[in-house]
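Taking it in order: structure first as structure tokens, then the write-up.
The values are calculated or read from the model by the stated rules, or taken from the named source; none is laboratory data. These figures come from a predicted structure and were not determined experimentally. Every residue, glycine among them, receives a Cβ derived from its backbone with ideal geometry; neighbour counts consider all protein chains shown. Side chains included, ligands, DNA and RNA excluded: accessible areas come from the protein's heavy atoms. Shrake-Rupley method; radii C 1.70, N 1.55, O 1.52, S 1.80 Å.
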Amino acid sequence: YNPVQKLSLPHLFEKHLKNHPGAKFILGHAGGRPATMDEVCRVCQKYSNVWVDLSGDYFHDGMLETLTAGIGAERILLGSDSYWFNVHAIFGMLLKSRLSDAEIELIAFKNAENLYGITADCY
């Protein structure tokens, strides 16, 4: 638990998610810490206008698989927390996960293409 992150708790955003269903929300760090994973999944299941990103340092030992099972790979974005963490560490966690190649592809770039309406020229 990190008291500085108390304002990132997913339930604090529910009023805005409900009142602005046409807006797209991204919960950075997938909504806080591992202790909030159930809450993150509940909020994402309840509101279709919210995504999470993987910036942070705790998506290991099955956490990424738990998050994917709870909300679907289609709602997860790669996040680097760049300048705090080396992006290679985030990619390493993603690539060493037990997710399928299709799920990894969604998280790595396809979800961002769809969410932001862009096309990457990387393939």
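Remarks
- Helices (runs of 4 or more DSSP H) fully within the stretch 38-123 that include at least 1 residues being under 27 Å from residue 12 (Cα atoms) and not β-branched (Val, Ile, Thr): 63-71, 111-116.
- Of the numbered criteria (1) loosely packed, with under 14 Cβ neighbours inside 10 Å; (2) more than 15 Å from residue 90 (Cα to Cα); (3) free of Cβ contacts under 8 Å to residues at least 60 places away in the same chain, the one residue 24 fails is (3).
- Members of the stretch 72-92 that are hydrophobic (A, V, I, L, M, F, W, C) and open to solvent by 40 Å² or more (accessible area, probe 1.4 Å): 78, 84, 85, 87, 89, 91
- The requirement of being open to solvent by less than 40 Å² (accessible area, probe 1.4 Å), touching a His at 6+ places or on another chain (Cβ under 7 Å), touching a residue at least 12 places away in the same chain (Cβ under 8 Å) and over 30 Å from residue 121 (Cα atoms) is not satisfied by residue 55.
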